[in-house]
1. Looking only at the stretch 160-202, count every residue that is farther than 24 Å from Ala227 by Cα and among the acidic types (Asp, Glu) and tell me the total.
2. Say whether the condition of being in the same structural domain as Arg230 (by TED's automatic domain parsing), within 24 Å of Asp15 (Cα to Cα) and either among the aliphatic types (A, V, I, L, M) or touching a helix residue (DSSP H, G or I) at 6+ places or on another chain (Cβ under 6 Å) (or both) is met by at least one residue in the stretch 151-165.
3. Please work out if Gln315 is free of Cβ contacts under 8 Å to residues at least 24 places away in the same chain and at negative phi.
4. Condition check: in contact with a Ser or Thr (Cβ under 9 Å, 6 or more places away or on another chain) and of a type outside the set (Gly, Ala, Ser). Does Asn274 satisfy that?
5. For the stretch 207-229, give me the residue count where each residue is crowded, with 20+ Cβ neighbours inside 10 Å, over 15 Å from the mean Cα position of the chain (by Cα) and either outside any helix (DSSP H, G or I) or of a type in the set (S, T, N, Q) (or both).
6. Quick one: how many residues across the stretch 91-125 are under 16 Å from the mean Cα position of the chain (by Cα) and surrounded by 15 or more Cβ atoms within 10 Å (Cβ to Cβ)?
7. Does at least one position in the stretch 72-87 carry a residue that is buried (at least 16 other Cβ atoms within 10 Å of the Cβ), over 20 Å from the mean Cα position of the chain (by Cα) and either in the same structural domain as Asn275 (by TED's automatic domain parsing) or modelled with pLDDT of 95 or more (or both)?
8. Residues that are in contact with a helix residue (DSSP H, G or I) (Cβ under 7 Å, 6 or more places away or on another chain) and either modelled with pLDDT of 90 or more or under 30 Å from Pro204 (Cβ atoms) (or both): which helices (runs of 4 or more DSSP H) entirely in the stretch 231-344 hold 2 or more of them?
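The values are calculated or read from the model by the stated rules, or taken from the named source; none is laboratory data. A quick note: this is a predicted structure, and the numbers were derived from the prediction, not measured. Positions of Cβ are generated from backbone atoms using ideal geometry, with glycine treated the same way; all protein chains shown enter the neighbour counts.
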Amino acid sequence: MKIFDRVYINGKWMDPHGSEYADVTNASTEDVIGRVRLGDATDADHAVRAARAAFERWSQTTPGQRAERIAKIAQGLEARAAEVAQLVSDEVGTPIGWSQFAQTGAAIGHFAVAAQLLGGFEFAETVGNSEVLREPVGVVACITPWNYPLTLIAAKVAPALAAGCTVVLKPSEVAPLTAYLLAEVIHEAGLPAGVFNLVPGFGPVVGEALVSHPEVDMVSFTGSTGAGRRVTELGAQTVKRVALELGGKSAAIILDDADFAAAVPGAINACFLNNGQTCFAHTRMLVPKARMEEVKQIAARLVGGMKVGSPLNEQTQIGPVISAVQRQRVQDISARAWKRAPNS
């Protein structure tokens, strides 16, 4: 079992002020595979102040200097790619093939692309008689969910670092292990102290402390719509920039002239990505009423043939959802849907 009892602040692993622990369970077996000591509002404050102190120097580095460090992070993650994929499959239940591609490869790609883009990005541009400057916003609080634990972290942290911002990351306490792996990689890459900080914790404690902090300039949040409303409310009190990626209910619209033999399987596969634990999953299909029975038959055949099993089996298409809480939620939604079905 992996035990992480420190937070990463100002380039050092430190004992947090928080005393609570969160258990991380294996999605398949429900065994405890990790334990994380959570931070509190004091830890969040220390992390923000470290990021603020580091901002002036980091923001003044050249794009080439930032690109070099960010490329090292990508290389460090690539060297540990197998470990990342295994961790995510254990934590989240992601089938290993999808874990290698979307959970690991995409995370590495975010850092690699950020470093590459810095090579030609124009931070100053003359437009007519004006000069347009693109400057880093400052300290960015990144708050991420559990379904793509490292990929969504990378999608926030990599561009923030590339722009010259400093970061405080609060990962989901449900699936935080890859965030610690990233902190180790960043430390080894030699990022200056305070540029990246990691404080795990509950949303109402660490999350709200970060969103409310007067020294945080921007919040990037991915999570539920309800939590997003709270982030907006708190961020507005200090007029922060807020970027929200919230829950969705994506629809696949298949028109009558489509190739149903290709379109319906495409929509079905998009529905079950990451065991359905994806914000852009196609959880609705809108089809011509006259072809409803045809669609039902195709969908039933495809779903019935999907291989369900251990996420570590390379043939598995659907593994477990992350926790008993999520399993019960899915079952409750299915039960309500079944009662509302016309022929139930």
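1. 2
2. First pass over the stretch 151-165, keeping only residues in the same structural domain as Arg230 (by TED's automatic domain parsing): 151-165.
Those left that are additionally within 24 Å of Asp15 (Cα to Cα): 153, 157.
After this cut, where a residue has to be either among the aliphatic types (A, V, I, L, M) or touching a helix residue (DSSP H, G or I) at 6+ places or on another chain (Cβ under 6 Å) (or both) as well, the list is 153, 157.
Yes, the stretch 151-165 contains a residue that is in the same structural domain as Arg230 (by TED's automatic domain parsing), within 24 Å of Asp15 (Cα to Cα) and either among the aliphatic types (A, V, I, L, M) or touching a helix residue (DSSP H, G or I) at 6+ places or on another chain (Cβ under 6 Å) (or both).
3. Numbers: free of Cβ contacts under 8 Å to residues at least 24 places away in the same chain: yes; at negative phi: yes.
Against the criterion (free of Cβ contacts under 8 Å to residues at least 24 places away in the same chain and at negative phi), Gln315 qualifies.
4. Numbers: in contact with a Ser or Thr (Cβ under 9 Å, 6 or more places away or on another chain): yes; of a type outside the set (Gly, Ala, Ser): yes.
Yes, satisfied.
5. Total meeting the criteria: 3.
6. Initial filter on the stretch 91-125 (under 16 Å from the mean Cα position of the chain (by Cα)): 91-94, 98-111.
Next, from what is left, pick out any that are surrounded by 15 or more Cβ atoms within 10 Å (Cβ to Cβ): 91-94, 98-100, 102-111.
The total comes to 17.
7. Within the stretch 72-87, one or more residues are buried (at least 16 other Cβ atoms within 10 Å of the Cβ), over 20 Å from the mean Cα position of the chain (by Cα) and either in the same structural domain as Asn275 (by TED's automatic domain parsing) or modelled with pLDDT of 95 or more (or both).
8. Numbers: elements: 260-271, 292-304, 324-340.
Hits in the stretch 231-344: 260-271, 292-304.
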